[in-house]
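Working notes for the structure below.
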Amino acid sequence: MKTQTKRRPIAVALLLAVGVTGAQPPTVASGTIDPEQDGRVDPPVVIEGLIEPWEDLSIGMGVEGVIEEIFVERGQRVGSGDPIARLESSVEEAQYALAVATSEMKAGLEGAQARERLAHIRADRFRQLFERGAVTQEELDEAVTEEELGTLGVRDAQDVLIRARLDARVMEAILARRTVSSPVDGVVVERFLSAGELVNRAGSGDVVRIAQVHPLKIDVIAPLSLFGQIKEGQAALVSPEDPIGGVHEATVKVVDSLIDAASGTFRIRLELPNEDMSVPSGIRCRVQFQD
């Protein structure tokens, strides 16, 4: 948890009836005295917001099948890359093993290389005999052709191995799709399916719902009078509602450039670090921007 010492808040006279509260701000930032205003205190602007997960994701399978195992439970923390669920994959595993074994079979290539060497020796011998007049041109041409066919045979065997290796990679990718992993660090909010249930295209295919709670996001609606004063990267103090309480430092990540004409407001998104998971999502808070 990060706290921050006193900073001079932004002075704004206009507070919105919706999204801006007149409640007392956090004690760590209760306002400062401006000597140019004869000792009057500028009240800080405190805007209400909602603390939400940075991402709220429904994780599903990319292929159909029967779930063999689910590795997580509701409320469990997961890290990015952790397996969530696996489909029954005995056929795909066998196909992958066959593809790998085929890609490692070199007997065909070695046999083609041996035939090429023999054809090369024979062709050289016939060239020498032809120079001495011991063989005809037709016999020499036949030996040279066999030499060329031997070379092509080696290339064909090499191509077979290349295709086999590519088949193994394809089967590896197919097998990998039978397991789904978490794309983020987060918490399992809900589990939709169990082992033995069918994942098919007729349904959503969702297995679990995961919320990324570090960092958290806070969206606030700010009055037009603050437009241009709030910048990306600016710090803000966040005070969650009771009983959570406390004061935490957040950072402005997005400042919308679109103004809502009806209400005279614009949206701001803040990022709130939550590495220790001490701040739950789904609660209201008060946000006070800092100079």
Output the residues belonging to region 56-103 that are in contact with a Pro (Cβ under 9 Å, 6 or more places away or on another chain), surrounded by 15 or more Cβ atoms within 10 Å (Cβ to Cβ) and more than 13 Å from VAL207 (Cβ to Cβ).
-> none
Determine whether ALA195 is among the small types (Gly, Ala, Ser) and over 30 Å from ILE70 (Cβ atoms).
-> no
Would a scan of region 52-61 turn up a residue that is at pLDDT 50 or above, more than 30 Å from ALA236 (Cβ to Cβ) and not in a strand (DSSP E or B)?
-> yes
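Can we say THR145 is without any contact (Cβ under 8 Å) to a residue 24 or more places away in the chain, in contact with a Pro (Cβ under 9 Å, 6 or more places away or on another chain), farther than 21 Å from ILE70 by Cβ and of a type in the set (Val, Ile, Thr)? Steps first, please.
Details: without any contact (Cβ under 8 Å) to a residue 24 or more places away in the chain: yes; in contact with a Pro (Cβ under 9 Å, 6 or more places away or on another chain): no; farther than 21 Å from ILE70 by Cβ: yes; of a type in the set (Val, Ile, Thr): yes.
It is false that THR145 is without any contact (Cβ under 8 Å) to a residue 24 or more places away in the chain, in contact with a Pro (Cβ under 9 Å, 6 or more places away or on another chain), farther than 21 Å from ILE70 by Cβ and of a type in the set (Val, Ile, Thr).
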Mind listing whichever residues of region 279-291 are of a type in the set (A, V, I, L, M, F, W, C) and loosely packed, with under 13 Cβ neighbours inside 10 Å?
-> none
Condition broken by ASP34, with the remaining ones in (1) modelled with pLDDT under 50; (2) surrounded by 12 or more Cβ atoms within 10 Å (Cβ to Cβ); (3) closer than 28 Å to PRO240 by Cβ satisfied | (3)
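So that you can scan it fast, the table gives a plain yes or no per residue for (1) of a type outside the set (Phe, Trp, Tyr); (2) part of a helix (DSSP H, G or I); (3) in contact with a Phe, Trp or Tyr (Cβ under 6 Å, 6 or more places away or on another chain); (4) within 30 Å of GLU275 (Cα to Cα):
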| site | (1), (2), (3), (4) |
| --- | --- |
| GLU73 | yes, no, no, yes |
| LEU109 | yes, yes, no, no |
| ALA112 | yes, yes, no, no |
| GLU116 | yes, yes, no, no |
| ARG122 | yes, yes, no, no |
| GLY133 | yes, no, no, no |
| THR145 | yes, yes, no, no |
From ARG127, ARG178, ARG122, ARG115, which residue is in contact with a helix residue (DSSP H, G or I) (Cβ under 8 Å, 6 or more places away or on another chain), within 30 Å of LEU57 (Cα to Cα) and of a type in the set (D, E, K, R)?
-> ARG178
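The values are calculated or read from the model by the stated rules, or taken from the named source; none is laboratory data. The structure presented is a predicted model; accordingly, all values stated were derived computationally and were not measured. FYI the Cβ positions are ideal-geometry reconstructions off the backbone, even for glycines, and counts take in every protein chain you see.
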